[in-house]
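Before we start, here is the structure in question, set down as structure tokens.
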Amino acid sequence: MTRSGSFSGRLARAEAPRFNLGRLRSARSAAFSGFWLLIVAILVVPILLFLIVAVSPALLDQGPQWFTLSAFRQALNGQLLVAFVDSTVVGLATALLSAAIAFWLAWVVLRTDVPGRRLWTGVVFALLLTPSYLIALGWERLLEPGGVLDVIGIPDSGLRSIMYGPVGIVVVLTVKGIPFAYLAISNALRGLGREFEDAVRVHGGGSFAAIRTAVALVAPGVWAALAIVFAESISDFGVATTLANDSHFLVATYALYNAIDAFPVQFPVAAAISALLLVLIVLALVAQNRALRGRSFRVLGARSRPVERAQVRPVPKWTNALGLAMLLLLALGVPAFGAVSASLIDGLGSLSGSHRWDLSNYRRAIVSPDLAHPLVYSAWLAAIAATIAVTLAVVCARMLATRGGTPAGRILDFVLLAAVALPGIVFAAGYIFAYNLPFWGAIRLSLYGTTPLLLLAYIATALPSTTRVLVGTLSQVQESMVEAARAHGRTSLQAWFSIVVPVIARPLVTAWLLTYTATLLELPVSQLLAPPGKEPVSIGIETALGKYDFGGGTAMEVLAILSALLVVGAGFGLFRLLAPIGWRRIGRAQ
Amino acid sequence: MSSHSRIAAAVLAVVAVGSLAACSAGTTSAQTSNSPSTSTSASASAISSPAAAVQPLVLYAAEGYDAVMGKAFTAKTGIPVQVDDDSTGPLLTKIAAERNNPQWSLLWVDGDTAFASLDKQGQLLDYKSASASLDAAGTALEPADHSYSPTGTTVMAALIYNAAKVSAVPASYQDLTTAAYTGKVGMNDPSQSGPTYPFIAGVMNQLGGEKGGIAAGEAFYQQLKSNGLKVFPTNGDTLHALETGQIDYGLIQSSAAVGETLKVKATATYDPKIVYLPKSTLLPSVIGIDKADNAVVAKEAEQFVDFALSPAGQAVMHTGDPTGDSLYWPVVNGVTPLKGLPSTPPVYQHIDPYFWGPLESQVVTWFDANIK
């Protein structure tokens, strides 16, 4: 070996690690760029293109003007201002109520021995799946003139006048908001070890002091719940077109619905209203950031201790059990009654029909071409969308959970909530604007009218809520655990999979199931983006309802919900069977 | 972004690419096989022209018989039809959003006001079927430029009432504003029910006309409201209100009303019957061809229109939704309506969609603010 050869060899060996490090950095940088490219493609571009129509209709062939503010002048009339105030009040009331109920629920289910608590995991998913129209229908079946309460002789005119108004709207939206809030808060609560409760007790604090401390420590989860429920409520279409419409309580989304549903469709006016809805979201984010600024919530570390399930004294135990039963009745009993009355009992609440139990609607639903194949199609899409959305959501939640926040995190936070605040049909119209441009055909990349574009839209629709469900947990993970693993020779990837994944495994499973169930029956995006000839199950159900086959349509809906609950059961069952015991212990009370 | 987020992003990229690839593959295989959904593919034996010359038709439709019509047309011609079957509202929203790059070949929904708007925007291909033989009502429903074709008609509104509860039967719309009907009449919400605007416009046309304007019609609806008019979202909801006794008289689309009388057996408490008040407004089911179709697709679309207006096509339309949309009055000579459908209302009118269509937003907004 020559001297120079020996030097070259040493140089080559010295350069090798640098070269590998450079490749690793390039790969990370490419992944980072790919992530943002995907966010821009599935969220930013459709939202921006839709909003831009408000000021430049000609850009997308929606009017002759290249720049105009006339859509805002049309939108900003006295009625709409009233609608915005109504939407804001309803959104705030719904968010506060949902978060408060969800925190109580999470505490009772995860930290106490109150009877009936085990039911609630299933109930939460059943609530997620229950469309708001079914909840409203249940109330109407009970309270309408000639309804069940009338038939059995219980005076209900007082309750009817209350429920057919803002109170009823808040009740229905709260029932829809509780599962989102519960999943965000319970995931955060699972990460809170016993040591904090012990510290409170050691210093003389009682149960309420312990709960107060827990509320403060799971604040990211609570704020995530408030933000997501507020955004979901102000963008809700189902209640806007049923209870709110029937009670003449004008909300902003109804004005938006009128602009889109009339013909010729007024996209510029709808875009102007959407832009104003986003202002409400900015205000919600400002409140969230001010509340969390400068504080750390990293409570989930190597020394976290499993919590002990509190042995509650008899009186509070049975009071809480009664509370759970009441909530179950209100949240699930009423819509279940609506579904049963519509699909299982012939002519209940009407002057026609035998009022006998009858399975004919289910027999028709099972063989209906609008159910079987569409359900399989939707199930596949929901499963793929859930897998991608959860993976993306981990990245998003990680960015949102960064202490103090980063500019990128704040932008991402706004984009995600903007996607929630825009009703699904508006969001889908943005997809058409973005992906039906002739330009795509010219480069032979036409995605519009294909299943992959529908899938991307499902992912984008699910991503905000999935992220919010995970952000509470990821806010708690202490970096020191990962750093310790790295110090002991693990690579970044090994440290991630051996330290972080076990900690967040259960929330990941929950988030996957949440996304699956929420996507399975998604309607507005499916209506505008499903490929011709391909029918997601929600459209099949809508078709049946559109033919006045209310019993058959509702039976199909019930069967679809049951299929989703089977998947939820299988998901949790597999986690219990296959996950290492250490993964399952995190967040579980002893 | 921390290193962990980047790792997760890398995993994401792999999962996303894999899943989308799988999904695309699934789509391709589904498109090349006989799909079990509403899409229909050409059978090899039925294709009479070279495969390359045949392009699939994309039918946006809100008719209960659209899927069976797609299959029947494919069986007859070998031309594949992809049916996007949905409510009228989402279909029109989709067409408006696609305006700079239309993806539909044909639109087939109830009501001609939207077609008049599309025609004014230059989106419809003029076509008069040479093989079709329309009767007098059908000819009256055709626009002068043949930008769309009526394939049948219902009327809006049929007055359905519960004969087991009430005996009074109105003879005119004005009767509904009298004391005998106080708090007993219901109708659909025009902002949620597609067929209801033509009904409101029809009454306005009858009372004020195109010259007299909408004021007389507005006054009529104000009187109805003062007399306790109840507004429900759609045909199904108004029927439910009738069944539950919230109202005794409902103004709904004729196909829904006739379907109710065919489905429900009369009892001591519920016996639905129908009367048509003069004048009933014709609500045609209408089909139109996209002007942006290429030459091949345009010819195929014309064939589809010919088929829909042929006795064979009309027979298929009768099978698709026998208690709903199939209950229409034919406008093709020699075609008889479905059994159970009574004869055409004696006094009816057709409103000019080119005059009343552009007023839809104004009238619906007024109704929303003043009548609901």
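Going by how many other beta carbons lie within 10 Å of each one, how would you line up B:108, A:120, fewest first?
By the 10 Å Cβ count, ascending: A:120, B:108.
Follow-up question, since we're still on this one. Taking a cut-off of 16 Å between Cα atoms, list the lysines near residue A:176, but don't count ones fewer than 8 places away on the same chain.
Excluding near neighbours in sequence, the set is empty.
Enter the per residue convex hull volume of chain B, computed from alpha-carbon coordinates, in Å³ rounded to the nearest integer.
It is 192 Å³ per residue.
What average count of beta carbons from other chains do you get within 10 Å of the Cβ of residues in A:390-399?
5
Among bridges DSSP assigns within chain B, what percent are antiparallel (round to 5)?
In chain B, approximately 60 percent of DSSP beta bridges are antiparallel ones.
Roughly how big is the range B:207-360's charge dipole about its Cα centre, with Cβ charges of +1 (Lys, Arg) and -1 (Asp, Glu), in debye to the nearest 20?
480 debye
Here is a further query. From the phi of every residue in the range B:316-326, what ³J(HN,Hα) in whole Hz does the Karplus formula 6.51 cos²θ - 1.76 cosθ + 1.60 yield, where θ is phi - 60° and glycine or proline is x?
Ordered by residue, 3J(HN,Hα) equals 5, 4, 6, 8, x, 8, x, 10, x, 5, 6 Hz.
Which of the peptides B:139-151, A:317-329, A:153-165, B:283-295 is most tightly packed, and how do the rest follow, going by the mean number of other Cβ atoms within 10 Å of each residue?
B:283-295, B:139-151, A:317-329, A:153-165
Ok, one more. Taking each residue in B:113-123, count the Cβ atoms of any other chain within 10 Å of its Cβ, then average. What number comes out?
Shielding by partners across B:113-123 averages 1.
What is the average number of partner chain Cβ atoms found within 10 Å of a Cβ in B:77-86?
Partner Cβ neighbours, averaged per residue: 4.
Farthest toward the dipole's positive end in the range B:249-372, which of B:259, B:274, B:347, given Cβ charges of +1 (Lys, Arg) and -1 (Asp, Glu) about the Cα centre?
Of the options given, the answer is B:274.
So for A:139, B:366, fewest C-beta neighbours within 10 Å to most, what's the order?
Lowest count first: B:366, A:139.
Using only Cα atoms, tell me the angle between helix B:196-207 and the longest principal axis of chain B; keep it within 0 to 90° and round to the nearest 10.
On a 0 to 90 degree scale, this one is about 40.
Name the long-range amide H neighbours of residue B:189: under 5 Å, sequence gap of 5 or more, or other chain; modelled H, no Pro or chain starts.
HN-HN under 5 Å from residue B:189: B:232, B:234.
Give the lysines reachable from residue B:71 as a straight Cα distance under 23 Å; neighbours fewer than 8 places away on the same chain don't count.
Those lysines meeting the cut-off are A:534, A:547, B:299.
Please report Rg over Rh for the range A:140-248, where both radii come from the alpha carbon positions and Rh follows the Kirkwood definition.
1.19
Right, another one. Could you please rank A:496, A:380, placing first whichever residue has the fewest other Cβ atoms within 10 Å of its Cβ?
With the fewest neighbours first, A:496, A:380 line up as A:380, A:496.
In addition: Taking the Cα centroid of the range A:412-465 and of the range B:273-352, what is the distance between the two, rounded to the nearest whole Å?
A separation of 36 Å, based on Cα centres.
Since every read-out is calculated from the coordinates, none of them should be taken as a lab result. Since we're looking at a predicted model, the values are computed, not measured. Because the Cβ atoms are built from the backbone with ideal geometry, glycine has one as well, and the counts that use them run over all protein chains shown.
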